[in-house]
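Just below is one structure, and these are the notes that go with it.
Just so it is clear, none of the values below were taken in a lab; they were calculated from the coordinates. Note that the coordinates shown come from a computational prediction; the quantities given were computed from them, not determined experimentally. Cβ atoms come from the backbone with ideal geometry, glycine included; neighbour counts cover every protein chain shown.
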Amino acid sequence: MRTLRARLAETESIRSAWPAEPVTVCLLITDLNIGGAEKAMVNLAFGLAKSRWRVHVINLGGDEPLAEKLRGGGIDVHFLRVSKRKPVQAVRSLARLLREIRPQLLQCFMFHANVAGRLAAWAAGVPWVLGGLRVAEHQKGWHLTVDRLTAWMSLGSVCVSEGVRQFSITYGGIPEDRLWVIPNGVDVRPFDAATPLDKRSLGFQPSDRLALFAGRLDPQKGLPYLLDAVEVVAASRPQWKLVMTGREGTESDWFRERVAESEILSRHVKWLGFRDDVPALLKTAEVLLLPSLWEGMPNVVLEAMAASRAVIGTDVEGTHELVVPGETGWLIPPENTEALAAAMAEAFDKPDRTKRYGEAGRKRVEAKYTLSGTIRAYESLWARVLGLELKA
């Protein structure tokens, strides 16, 4: 199949008027559990103009948490209920469904959906296919190999950040003319409506000052460096506390043992498990900590900025495009306990500066990373691929 850049060049000067009926598009995703990529896809599905698009969401998995939200919004949701370990079954089931829906464009999200979507769309005769690269995959090299070998079966992929695009070219071997960047965006309204929680409900004292970590208990998130830095900072700042929320992961057992064996961590760290009130947690904390070893474009950083909270993040994909050092937060090298501890101490010792960083982050979100801007960018790209004139 031709490349994305070649297709966009073809339609640059030749566009048709928008048809009378909405254009049918399918959004294909690996699962609908609660995560950054999944929430971004759901927000896109809700935000697309119904006068222009007839949206079908296809989930390779089953009836997972975010499906109910989609159904409640009147969006058609289809479940293939296939295992990631049965790729042939997934492709066959998906091809059968695509033949029934007959979309004019298929937009995929996440690795398994990207691969299954390319193969099934080719079998079903879907004219235009785009993948979605949501993370710089440093851990599973075979993902990069399979993605590279199947890339020719689609126009290309939408990268969630410039960092992911560069990674995909350099390490993934994807041709540059098959890649496009559309950053995540955030809806600021839930953060404006949120109010701080009573710290006592989280197991802290009203006088304590909180930092927040939100993410999986996974090696990607740099948890050893986070806990080591907390021990350093909390030893001399007894009011400094860390509240953590997110999903369980492969480091759950290690994390609990590490906290339990340290007197300082036991007093200063609270794991809440999964919570659906992240806006309120951000309003309760003073700063967000995200010491990841790699990323794509972390939604939680955008959410912190939307909540006017400063960010201490690592200089990795996506995060380094969002956080401006000395303006909206601190950007430190990954795997560096000393730099992380120093940034945490500065955030505690200079609350006025920390507050100022948060306010600047909010302005940056409003200027560059709105949800409406992300939705418009997808609509514009799809319209260009389809050779249609997109009007306001």
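Below are the figures for this structure:
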read-out: Within segment 189-368: Cβ-based charge dipole about Cα centre, in debye rounded to nearest 20 (Lys, Arg +1; Asp, Glu -1); value: 740
read-out: Length added when fully stretched, residue 192-residue 139, from 0.36 nm per residue minus Cα-Cα; value: 15.4 nm
read-out: Residues of segment 224-253 with amide N under 17 Å of a point placed 7 Å along Cα→Cβ from residue 205; value: 234-243
read-out: Reachable aspartates and glutamates, given that their alpha-carbon falls under 14 Å from the alpha-carbon of residue 391 and they are not under 8 places away in the same chain; value: 379
read-out: Contour minus Cα-Cα distance for residue 349 and residue 367 (0.36 nm per residue); value: 3.6 nm
read-out: Ranked packing of 265-275, 193-203, 152-162, 305-315, most packed first, by mean Cβ within 10 Å; value: 305-315, 152-162, 265-275, 193-203
read-out: Pairwise centroid distance, computed over Cα atoms, of segment 97-173 with segment 1-79, Å; value: 14
